[in-house]
1. Name the single residue, out of those in segment 286-300 being open to solvent by less than 30 Å² (accessible area, probe 1.4 Å) and outside any loop (DSSP other than H, G, I, E, B), that is nearest to Gly72 (Cα to Cα).
2. Based on what the data block shows, is Val116 modelled with pLDDT of 95 or more and open to solvent by less than 10 Å² (accessible area, probe 1.4 Å)?
3. Go through segment 94-109 and give me each residue that's part of a strand (DSSP E or B) and open to solvent by less than 40 Å² (accessible area, probe 1.4 Å).
4. Could you please find all residues in segment 309-320 being among the β-branched types (Val, Ile, Thr) and open to solvent by 10 Å² or more (accessible area, probe 1.4 Å)?
5. Read through the list (1) among the hydroxyl-bearing types (Ser, Thr, Tyr); (2) under 23 Å from Val99 (Cβ atoms); (3) not in a helix (DSSP H, G or I), then give the number of the only condition that Tyr318 fails.
6. When the residues of segment 158-189 are narrowed to those that are basic (Lys, Arg) and farther than 25 Å from Leu230 by Cβ, which ends up surrounded by the most Cβ atoms within 10 Å (Cβ to Cβ)?
7. Within segment 344-357, track down each residue that is open to solvent by 10 Å² or more (accessible area, probe 1.4 Å) and either in contact with a Gly (Cβ under 6 Å, 6 or more places away or on another chain) or under 20 Å from Glu71 (Cα atoms) (or both).
8. I'd like the full set of residues that are under 17 Å from Lys214 (Cα atoms) and in contact with a strand residue (DSSP E or B) (Cβ under 9 Å, 6 or more places away or on another chain), limited to segment 362-396.
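The values are calculated or read from the model by the stated rules, or taken from the named source; none is laboratory data. Because the structure is a prediction, the values reported are computed rather than measured. FYI the Cβ positions are ideal-geometry reconstructions off the backbone, even for glycines, and counts take in every protein chain you see. Please note that ligands, DNA and RNA were not included when accessible areas were found on the heavy atoms of the full protein model with its side chains. Shrake-Rupley method; radii C 1.70, N 1.55, O 1.52, S 1.80 Å.
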Amino acid sequence: MRSSLKTSARLVSALLALSALPVPPASAQEPAAKADPAPPAPAPSETPIGLIYRPQPSPSSYDAEAPPEDEGLAGARMGIADNNTTGRFTKQTYALDAVALGEGGPGAVDAANSLVSKGIKFLALALPADEVLAVADAVKGQGVVVFNAAAPDDRLRGADCRQNVFHILPSRAMQTDALAQFFTFMRWRKLFLIVGPNPADRLYADAWKRSATKFGLKIVAEKPWTFGPLARARGDTPTRAEAMIFTRGIDYDIALVADEAADWGDYVPFRTVDPRPVAGTQGLVATTWHPTLETWGAAQAQNRFRRLAGRLMRPLDYQVWAAIRTVGDAATARKSTDAAAIGPYLTDPAFSLPAYKGVSLSFRPWDHQLRQPIIVVQPKAMVTVTPEQGYLHQRTPLDTLGIDLPETACKMPP
């Protein structure tokens, strides 16, 4: 009996102890409610960019300097890749829609209309001047921004300028001014101008006459080239002997060749009667890009391009790349890929394009030409970068190259 009472007392004590413990709140006793799933990140908006180009025909025989079939196209692909690298942080993606024009296929205007019908508002053109104008007029009023990546004609920045066209490569006037600045620095003042038979050669020669006047140089003689495409010829011909005495009896510091088709200009160096340097379209040239450019991060770009394309980057590749990157950089700055916002922004002083030239590039409001340093190179080395030191301008030294605002024949609508 006493043992039973002790057991009952222990049970009562245990129950009293349990009743004294704190009771957890109801929220702690129930399983936690599942949190609402986080809203999905907004899908990146894809911006298509069109490229219309005309591949160079394959040479009929071996040509070590033949342009690659993907010239320009490879530059566009690297531009798209670079845009997408930046776009990962801004939720913007880009895609390339390229059209190669060929014999019997659609023309430049048909290709442009087809791209625009798919909603493409940015077009990069690697085409001659007449086709650039035709495309620009065909898409006028449709909110399309056109980039001229291959036509150096000064008239596209002058009397034939268009509000919807932006010029990436330097005009002929910019190219000849770049060489003229260097000649002035070197005190090579007497020029012998040799002009080829093609219309483009005459345009280049006209640009040289303007540059010579601008920088106080003197064209002491001008002759047409009448010996045919000796730079492309195979074997020896009597014409070669005639060409060797072509420069006899002329007192000059440097020979200028105007041969944009590269038919004969490469024949002239080391074949003049007197030992003189050769410049212009061959020899010492002014260009946007060269494999020997390595400063300002250019070496990294050279290596990236070679991994992507399996070859060296050429000027047209660089120019198309810059057109594509213009869209990407402007879209990043504006936080929009709307062409209606990007087009006007390109001439805003706030816009700048980093392009491996040591300074950021910008567009001139009066003719939509991209301001940029121009490199002067010989075939195996870079010689200088223009503008040369000492050439000053009220806006930027870059405006010492090419047609300045007081000289322009371009009448942009307000």
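1. Looking only at segment 286-300, we keep the residues that are open to solvent by less than 30 Å² (accessible area, probe 1.4 Å), and these are 286-290, 293, 298.
Now drop any that are not outside any loop (DSSP other than H, G, I, E, B), which leaves 286-287, 298.
Numbers: Ala286: 19, Thr287: 15, Ala298: 18 Å.
Out of the qualifying residues, it is Thr287.
2. Values: modelled with pLDDT of 95 or more: yes; open to solvent by less than 10 Å² (accessible area, probe 1.4 Å): no.
Criteria not met by Val116.
3. Pass one, segment 94-109, residues part of a strand (DSSP E or B): 94-100.
Answer for segment 94-109, where residues must be part of a strand (DSSP E or B) and open to solvent by less than 40 Å² (accessible area, probe 1.4 Å): Tyr94, Ala95, Val99.
4. Of the residues in segment 309-320, the ones among the β-branched types (Val, Ile, Thr) are 320.
Hits for segment 309-320: nothing passes.
5. With respect to (1) among the hydroxyl-bearing types (Ser, Thr, Tyr); (2) under 23 Å from Val99 (Cβ atoms); (3) not in a helix (DSSP H, G or I), Tyr318 is out only on (3).
6. In the first step, residues of segment 158-189 are kept if they are basic (Lys, Arg); the result is 162, 172, 187, 189.
Still in the list and also farther than 25 Å from Leu230 by Cβ: 162, 187, 189.
Details: Arg162: 19, Arg187: 7, Arg189: 16.
Ranking the candidates gives Arg162 first.
7. Of segment 344-357, the ones open to solvent by 10 Å² or more (accessible area, probe 1.4 Å) are 344-345, 347-350, 352, 354, 356.
Scanning segment 344-357 gives a single hit, Tyr356.
8. Thr386, Pro387 - these are the residues of segment 362-396 that are under 17 Å from Lys214 (Cα atoms) and in contact with a strand residue (DSSP E or B) (Cβ under 9 Å, 6 or more places away or on another chain).
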